[in-house]
Structures are given as structure tokens and as C-alpha cells.
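Engineer: Here's a structure for you.
The values are calculated or read from the model by the stated rules, or taken from the named source; none is laboratory data. Just so you know, these numbers come straight off a predicted model, no measurement behind them. Here the Cβ positions follow ideal geometry from the backbone for every residue, glycine too, while neighbour counts run over all protein chains shown.
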């Protein structure tokens with residue numbers, strides 16, 4: 001009797017399941033037709049141009065700009081477009097697709113290709129260029145980053161006038177505009193500001209690197225998001241943004257929905273107001289930075305960050321995880337300069353190894369001979385009381401934290417120090433005195449951790465104890 005009921009339910013559901021599969025197949029065929037039409041509509045596109053490839057668009061231009069951007073084949077300057085609402089065209093169900101090429105911060109002659117598709121809204125946050133003059137009061141070097149150790153771009157003589165378009169929050173460095181829209185940085189103490197500094201950008205730092213200019217660089221800064229409740233052929237495959245740069249030329253940097261996005265090849269971004277901004281890495285490496293946290297994401301993985309109702313970042317990016325294959329199933333990949341097929345989601349073990357996260361379990365520790373080093377140059381080997389043996393390691397906070405319990409039962413908490421390393425700082429009482437300790441760990445190869453423990457003594461001497469841990473199983 002029970003079998004009969006189950007079979008009856010299956011047969012009752014089959015028509016709707018078949019219909020859903022047919023609808024999905026029809027939708028995907030229509031989408032690929034839109035992609036083919038888009039390829040011919042925007043066959044020739046120069047740097048700094050935006051092309052409506054398919055669907056319909058409602059657009060708004062910046063003041064004093066005039067554009068015609070309503071039907072497939074229309075092309076406008078990226079610097080002229082302030083906002084666009086993109087959707088499928090009425091009657092023929094052709095998906096909305098916009099293609100643009102921008103230089104971003106790439107070398108001259110290289111461009112990033114951006115493909116917006118689906119039902120989306122887009123606002124260009126890269127405002128027209130605005131500069132104020134500054135007089136150089138002493139000969140100054142011009143560097144590519146706000147640091148005295150950064151690469152030298154050139155120099156300028158005392159009395160020269162430079163065009164300033166940005167500054168750090170503490171005014172310690174000013175960003176200036178050079179030839180060919182190249183930006184450089186000058187030390188703040190040798191610049192006499194000749195205008196209203198509030199008129200130019202305050203440039204925030206992300207892990208020591210300045211955010212890209214939002215002035216005078218078309219579409220390097222924007223916010224976008226999907227609109228409507230329906231997905232693109234399925235609820236999980238909503239529209240979004242494909243970004244690709246040529247391989248082997250470094251990284252491109254964009255400001256997207258209040259975050260800093262960096263890529264070395266190809267990524268797919270999705271965004272929903274009040275939901276998430278998701279960065280899926282199709283090829284190469286991606287970085288997503290916001291609110292003092294940077295996530296490095298390898299191929300086949302993703303990171304997410306919550307968005308507020310205005311499509312701006314309202315939290316921190318999540319630890320990388322394998323992406324959802326359905327999210328990258330319906331993409332206009334044929335429109336890319338270098339078409340490719342999305343790889344399967346990265347395996348969790350491979351992801352952790354790539355990101356320098358060791359697997360949880362038992363690790364066998366072997367300590368080497370310690371060395372005493374003093375400020376006067378004196379060095380000497382030192383006997384260590386550290387005991388070799390099995391240590392227990394647990395992974396917390398998505399790989400951002402580790403807890404290691406050694407053979408004596410001592411528990412140490414480690415936090416991520418950089419992309420592949422961890423650090424723990426504490427004090428241990430030795431001979432009645434609290435001695436500062438620092439331990440650094442790095443996953444040097446799958447299943448191998450290289451470590452170093454440092455003890456700082458009152459006389460300035462440091463005892464360094466190197467060790468190695470090998471994975472012994474869960």
C-alpha cells in the first residue's frame with residue numbers, strides 16, 4: 001500500500017517536473033540567442049565605451065552630458081552614463097546585456113571587459129575628474145603608492161604646480177594626476193595646498209593599498225544589483241556581472257558596491273539589495289576587501305558580503321568556500337575576449353591548502369635546536385625544554401583562527417597574520433619572570449607546517465626555536 005502511494009505521488013509530480021525542465025531548456029536557448037545577438041551588436045568597442053548589446057535600457061546621463069542609450073547597438077561614453085536600468089526586451093524575451101571596456105588601473109593599451117546581464121540596476125560612482133592645484137615647496141619624488149618605499153615614478157622641482165585629485169585621511173600623502181591619466185603620490189609635508197581640499201577624494205587604504213580613483217576613471221567605481229524576484233532561467237542563476245582581464249598582466253582593481261575587488265583573470269559578481277554581494281572566481285585569483293578584512297579567493301571558490309538596502313557593503317567578506325555550480329551555469333561566456341568554461345567547485349581540502357589553512361587533527365611536532373641572538377652580535381645554541389610529539393589542532397572561524405594543544409596540555413590560540421600564516425603572542429613565566437613569546441606558523445606544503453617560536457629577554461636578546469609539524473591524521 002505504501003509503495004502504491006509513493007508511486008502515485010511520483011507520477012503526479014512528473015508532469016510538473018518535465019514542464020520545469022522544458023521551461024529551463026527554453027530559457028537557456030533564449031539566453032544563448034541573446035548572447036549571439038549581443039556579439040554582433042557590440043562587435044567593435046573601444047576603451048571607455050559602453051554598448052547596449054541586448055534588451056532595453058533606461059539611462060541617465062551626468063549633467064552636461066548627452067547620450068542615446070535605449071536599444072541594441074547604442075554606444076555611449078562610460079564617463080557620460082550616470083545610471084542604467086537594464087531588462088529583457090518586451091515581446092522577444094531577449095535578455096538584457098551591456099558590454100563595456102575600461103582601463104581601470106591596468107597598463108596602457110590593456111582593458112578590463114565588463115559584461116552586465118539580466119535585470120539589473122547600475123549606478124556609475126566614478127564622477128567626472130576634479131583637481132585642485134598644489135605648489136611643491138621642495139624637490140619631491142613621485143611614487144606609485146603612498147609610501148617612501150614605493151616604486152619611483154619621477155620627480156618634480158621646488159615651485160612646480162601639481163594637480164591634486166585625492167589625499168589620505170591624515171593628509172600625509174597627496175595623489176596627483178600625471179600624463180595619460182596616471183596617478184602618483186607626493187609626501188604631504190612638501191605640498192602647499194592652493195585650493196579647497198574638501199573638493200577632492202579622501203582615499204582610504206585597503207591592507208596598505210589605496211582605493212582606486214573614483215574621479216576621472218569611467219566605471220572603476222560603481223554599484224549594481226539584480227532587480228525582480230525571478231532568476232535567470234532558475235532562481236539560483238540570477239544575472240550579474242562578468243569581469244575579465246588579459247592573463248599575465250597583474251591585477252585589476254575596481255570599487256564595487258562599497259568594496260574593493262581585485263582580479264587576475266575572470267570573476268562573476270552577483271548582488272541583491274538587502275542580500276549578498278557574491279564574488280565567484282572562474283579563473284585566476286580574486287580578492288574582496290571591505291571593513292578592514294581582505295579575502296583571497298582561488299579558482300572555483302567564492303566569498304560573500306552582506307549588502308544594505310542601497311546595495312552598499314554592510315559587513316565583512318566571508319571566508320572563501322566552494323562556489324555553487326548552479327550560480328555559474330547560465331553565463332554569457334561566449335562574449336568574453338577569452339571564452340572559457342567554469343571549472344567545477346573547488347574541493348574544500350584543496351581550497352584550505354591553497355589558502356594556507358591546515359586540516360584539523362593530530363600533528364607530529366619536531367623541535368630543532370634553539371639559538372640565542374643578542375644585540376651585540378653574540379649568538380649561541382640553547383637547550384630547549386620543548387617536547388616533541390603529537391599536538392592537537394582545531395580550525396575555527398573559517399580558517400581565520402587555529403587552536404593548538406601541545407603534549408603538556410598547553411593551549412595556544414593563533415590568528416591569521418597574512419594570507420598563508422598565523423601568529424600567537426603570549427607570556428610564559430620562566431624563573432619567576434614573565435617572558436614574552438611569539439609563535440609563527442605557515443603551511444609550507446600540504447600536511448607540513450613550518451614554525452618558529454621567539455622568546456624576548458629583558459636584555460634585548462632573543463631565543464629562536466624553529467620546528468616542523470607534519471599531519472598525522474584526524
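Engineer: So which residues in region 399-409 are farther than 22 Å from residue 319 by Cα and either in a strand (DSSP E or B) or not assigned by TED's automatic domain parsing to the domain that holds residue 453 (or both), if there are any at all?
Structural biologist: Correct list: 405 only.
Engineer: When you check residue 388 against the structure, is it over 18 Å from the mean Cα position of the chain (by Cα) and surrounded by 14 or more Cβ atoms within 10 Å (Cβ to Cβ), yes or no?
Structural biologist: no
Engineer: In region 287-297, which residues are in contact with a strand residue (DSSP E or B) (Cβ under 8 Å, 6 or more places away or on another chain) and crowded, with 17+ Cβ neighbours inside 10 Å?
Structural biologist: 287, 288, 289, 290, 294, 295, 296, 297
Engineer: Run down 175, 183 and say which single residue is surrounded by 17 or more Cβ atoms within 10 Å (Cβ to Cβ), within 19 Å of residue 106 (Cβ to Cβ) and modelled with pLDDT under 90.
Structural biologist: 183
Yes or no, residue by residue, for (1) in contact (Cβ under 8 Å) with a residue 40 or more places away in the chain; (2) closer than 23 Å to residue 109 by Cα; (3) out of contact with any strand residue (DSSP E or B) (no Cβ under 6 Å at 6 or more places or on another chain):
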{"site": "137", "(1), (2), (3)": "yes, no, no"}
{"site": "141", "(1), (2), (3)": "yes, no, no"}
{"site": "146", "(1), (2), (3)": "yes, no, no"}
{"site": "156", "(1), (2), (3)": "no, no, no"}
{"site": "164", "(1), (2), (3)": "no, no, no"}
{"site": "198", "(1), (2), (3)": "no, no, yes"}
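Engineer: Let me ask something additional. Determine, yes or no, whether residue 450 is in a loop (DSSP other than H, G, I, E, B) and either assigned by TED's automatic domain parsing to the domain that holds residue 369 or closer than 23 Å to residue 351 by Cβ (or both).
Structural biologist: When the stated conditions are applied, residue 450 does not pass them.
Engineer: Could you pull out the residue among 300, 284, 315 that is under 29 Å from residue 415 (Cα atoms), modelled with pLDDT of 90 or more, surrounded by fewer than 21 Cβ atoms within 10 Å (Cβ to Cβ) and in the same structural domain as residue 97 (by TED's automatic domain parsing)?
Structural biologist: Of the residues listed, the single one that is under 29 Å from residue 415 (Cα atoms), modelled with pLDDT of 90 or more, surrounded by fewer than 21 Cβ atoms within 10 Å (Cβ to Cβ) and in the same structural domain as residue 97 (by TED's automatic domain parsing) is 315.
Engineer: For region 333-347: of the residues being over 30 Å from residue 43 (Cβ atoms) and touching a strand residue (DSSP E or B) at 6+ places or on another chain (Cβ under 6 Å), which is surrounded by the most Cβ atoms within 10 Å (Cβ to Cβ)?
Structural biologist: Among those that are over 30 Å from residue 43 (Cβ atoms) and touching a strand residue (DSSP E or B) at 6+ places or on another chain (Cβ under 6 Å), it is 346.
Engineer: Follow-up question, since we're still on this one. Take the residues of region 401-419 that are in contact with a strand residue (DSSP E or B) (Cβ under 8 Å, 6 or more places away or on another chain) and more than 15 Å from residue 390 (Cα to Cα): which is modelled with the lowest pLDDT?
Structural biologist: 419
Engineer: Looking only at region 102-118, filter to residues that are at pLDDT 90 or above and farther than 23 Å from residue 184 by Cα; which one of those is surrounded by the fewest Cβ atoms within 10 Å (Cβ to Cβ)?
Structural biologist: So, considering only residues that are at pLDDT 90 or above and farther than 23 Å from residue 184 by Cα, the one surrounded by the fewest Cβ atoms within 10 Å (Cβ to Cβ) is 113.
Engineer: Residues to consider are 412, 442, 423; find the one that is in a strand (DSSP E or B), without any contact (Cβ under 8 Å) to a residue 40 or more places away in the chain and either farther than 23 Å from residue 460 by Cα or not assigned by TED's automatic domain parsing to the domain that holds residue 389 (or both).
Structural biologist: Exactly one residue qualifies, and that residue is 412.
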